[in-house]
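Undergrad: One structure coming up, written as structure tokens, with questions to follow.
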Amino acid sequence: MTVTADGHEQKADTAPQLAPVIDTDVHEMISGPRFLFYIDEPYRSRIHINNWTGTHLPYTWPTTGGVARPDTIRTPGERAGGDLNMMREQHLDPYNIKYALLTGLLYPTEFKVQPDFATAIARGYNNWLIKEWLRKDERFLGCMHIAAQDPASAVAEIDRIGPHPKIVQIMLPAMSHDTLGRDFYHPIYEAAVRHDLAIGFHHGTTTETAVGLPPYFIEWHTAAAQAWQSQLISLVAGGVFDKFPSLRVVMVESSWTWLPHLMWRFDKNYRALRREIPWVKRLPSEYIREQVKFTTQPMENPDNPQHLLDMFEMVGTDEFLMFSSDYPHWDSDSPERSLPSCFSPELKQKILYDNAAKFYRIGEYAR
């Protein structure tokens, strides 16, 4: 009990204070027609003002709330993640989110037609993100979107938006119809390095499995990590990390327990087949440990949680993993419950805050 200056008694707050968290995957969503006013003409007039919100996976809704938590939709017709105040109430405030990376869910790079339209959408999205979100809460950090199918326009957009102090990452889709380690895309990575921006890979509507789109969502959701694996292999084999040794890459929402197997197999094949890619000078696992991060969600839940802890020894570092909630989606995780109790407080601190702070150079690690 404390007494204020005017003599009123005030009960002490006995609730435990949560340690600050950096959430590396929060989806702010386009909801309503306001976004369209950020699209330049003539493209704005080509969009039906009431119904364009991007492309979608072709599956029917897998849960009662679609791909979102039902409680994140306040009124019918809204899109989960489109309400800033609800995001604060449900996620940012209760879990003491110090920084939240807004990753969106748009990815103009996936557009297989009309590359000029994709470029216009990317530009409009970035303007909308800055004005409608980044300016309204100091905790938000932005992930810009580009149309990578036109590298020249993508680089121009990076040069335009990259200097913004709250933009920390460029988002690319873990798509299945092309590998983004090819020379064609290298100007994008050069621009990312020039502006000290990370590259984030996240699934989108063109993320498929090794056999395309299987009949059921559960099959897709289980096997989709194959797309991230293919993109990671491409980045290494394409010499991206040799050409850009300071480039930082994160695989967002890819899961991560497949990483030891990929590193082992990639290193074995490199020793046998490295003549094919002479520009790659080191073992693939070395690039991955030094320049690539992963996010927690979706967390696997083995019967023996110790097996998750064993993964860190297999990977060879405890700095590769960063917390992500995937708010507001149906399988989103809370920072309080997502990490097993067998993880030490020191490891939890790294996952929930330190690894991301260092990687994105924010907070006490800002340059």
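Undergrad: Just wondering, is there one or more residues in region 152-165 that are closer than 20 Å to Lys358 by Cβ, crowded, with 23+ Cβ neighbours inside 10 Å and free of Cβ contacts under 8 Å to residues at least 40 places away in the same chain?
TA: no
Undergrad: Can you find a residue in region 278-296 that is surrounded by 14 or more Cβ atoms within 10 Å (Cβ to Cβ), out of contact with any Ser or Thr (no Cβ under 8 Å at 6 or more places or on another chain), of a type in the set (A, V, I, L, M) and assigned to a loop (DSSP other than H, G, I, E, B)?
TA: Looking through region 278-296, at least one residue is surrounded by 14 or more Cβ atoms within 10 Å (Cβ to Cβ), out of contact with any Ser or Thr (no Cβ under 8 Å at 6 or more places or on another chain), of a type in the set (A, V, I, L, M) and assigned to a loop (DSSP other than H, G, I, E, B).
Undergrad: Now a separate question. Would you check which residues across region 65-89 are more than 20 Å from the chain's Cα centre (by Cα) and either within 17 Å of Phe323 (Cβ to Cβ) or crowded, with 17+ Cβ neighbours inside 10 Å (or both) and list them?
TA: Hits for region 65-89 are Ile73, Met86.
Undergrad: Are any residues in region 123-144 in a helix (DSSP H, G or I) and charged (D, E, K, R), and if so, which ones?
TA: Let us first name the residues in region 123-144 that are in a helix (DSSP H, G or I), namely 123-132, 134-136.
Correct list: Arg123, Lys131, Glu132, Arg135, Lys136.
Undergrad: Considering region 297-310 alone, what residues qualify as being crowded, with 17+ Cβ neighbours inside 10 Å and either part of a helix (DSSP H, G or I) or over 23 Å from the mean Cα position of the chain (by Cα) (or both)? Steps first, answer last, please.
TA: Filtering region 297-310 down to residues crowded, with 17+ Cβ neighbours inside 10 Å leaves 297-299, 308.
Hit for region 297-310 is Leu308, nothing else.
Undergrad: Further, regarding this structure: Would you mind telling me which numbered condition in (1) in contact (Cβ under 8 Å) with a residue 60 or more places away in the chain; (2) among the polar types (S, T, N, Q); (3) touching a helix residue (DSSP H, G or I) at 6+ places or on another chain (Cβ under 6 Å) Thr63 fails?
TA: (3)
Undergrad: With within 19 Å of the chain's Cα centre (by Cα) and among the small types (Gly, Ala, Ser) as the only criterion, which of Ser334, Ser341 stands out?
TA: Numbers: Ser341 fails: within 19 Å of the chain's Cα centre (by Cα).
Sole residue among the options that is within 19 Å of the chain's Cα centre (by Cα) and among the small types (Gly, Ala, Ser): Ser334.
Undergrad: Further question: So in region 204-249, with the set limited to residues that are more than 18 Å from the chain's Cα centre (by Cα), among the aromatic types (Phe, Trp, Tyr) and in a helix (DSSP H, G or I), which one is modelled with the highest pLDDT?
TA: Restricting to residues being more than 18 Å from the chain's Cα centre (by Cα), among the aromatic types (Phe, Trp, Tyr) and in a helix (DSSP H, G or I), the top hit is Phe241.
Undergrad: Among the residues of region 87-110, what is the count of those that are in a helix (DSSP H, G or I) and closer than 24 Å to Ala19 by Cβ?
TA: Narrowing region 87-110 to residues in a helix (DSSP H, G or I): 87-92, 108-110.
From what's left, closer than 24 Å to Ala19 by Cβ: 87-92.
Looking only at that region, the number is 6.
Undergrad: Shifting gears a bit: Read through the list (1) surrounded by fewer than 20 Cβ atoms within 10 Å (Cβ to Cβ); (2) within 30 Å of Asn96 (Cα to Cα), then give the number of the only condition that Phe117 fails.
TA: (2)
Undergrad: Also, I was wondering about something else. From Ala154, Ala147, Ala120, grab the single residue that is within 24 Å of Ser230 (Cβ to Cβ), out of contact with any Gly (no Cβ under 6 Å at 6 or more places or on another chain), part of a helix (DSSP H, G or I) and at pLDDT 95 or above.
TA: The conditions single out Ala154.
Undergrad: Filtering region 305-362 down to residues that are among the hydroxyl-bearing types (Ser, Thr, Tyr) and in contact with a helix residue (DSSP H, G or I) (Cβ under 6 Å, 6 or more places away or on another chain), which residue is nearest to Thr63 (Cα to Cα)? Spell out the reasoning first.
TA: First, the residues of region 305-362 that are among the hydroxyl-bearing types (Ser, Thr, Tyr): 317, 324-325, 327, 332, 334, 338, 341, 344, 353, 360.
Checking which are in contact with a helix residue (DSSP H, G or I) (Cβ under 6 Å, 6 or more places away or on another chain) leaves us with 317, 327.
Details: Thr317: 36, Tyr327: 15 Å.
My answer is Tyr327.
Undergrad: Within region 174-200, how many residues are assigned to a helix (DSSP H, G or I) and small (Gly, Ala, Ser)? Show your work before the answer.
TA: So in region 174-200, the residues assigned to a helix (DSSP H, G or I) come out as 183-194.
Filter once more, keeping what is small (Gly, Ala, Ser): 191-192.
Here the count works out to 2.
Undergrad: Can you tell me which residue among Lys348, Lys268 is part of a helix (DSSP H, G or I) and surrounded by 13 or more Cβ atoms within 10 Å (Cβ to Cβ)?
TA: Details: Lys268 fails: surrounded by 13 or more Cβ atoms within 10 Å (Cβ to Cβ).
Criteria check complete, one pass: Lys348.
Undergrad: Determine which member of the set Ile22, Ile30 is part of a strand (DSSP E or B), among the hydrophobic types (A, V, I, L, M, F, W, C) and at pLDDT 80 or above.
TA: Numbers: Ile30 fails: part of a strand (DSSP E or B).
Checking each option against the conditions leaves just Ile22.
Undergrad: Can you pull out the residues in region 16-46 that are loosely packed, with under 13 Cβ neighbours inside 10 Å, more than 19 Å from Gln349 (Cα to Cα) and of a type outside the set (S, T, N, Q)?
TA: From region 16-46, those loosely packed, with under 13 Cβ neighbours inside 10 Å are 16-17, 34, 37, 40-42, 45-46; that's our starting set.
Filter once more, so that each one left must be more than 19 Å from Gln349 (Cα to Cα): 34, 37, 40-42, 45-46.
Passing the criteria: Arg34, Phe37, Asp40, Glu41, Pro42, Arg46.
Undergrad: Run down Ser334, Ser324 and say which single residue is surrounded by fewer than 16 Cβ atoms within 10 Å (Cβ to Cβ), of a type in the set (S, T, N, Q) and in a loop (DSSP other than H, G, I, E, B). Even if it seems obvious, please write down each step before you answer.
TA: Values: Ser324 fails: surrounded by fewer than 16 Cβ atoms within 10 Å (Cβ to Cβ).
Checking each option against the conditions leaves just Ser334.
The values are calculated or read from the model by the stated rules, or taken from the named source; none is laboratory data. Bear in mind that the values here come from a model prediction, so they are computed numbers and not experimental data. Neighbour counts run over all protein chains shown; Cβ positions are idealised from the backbone, glycine included.
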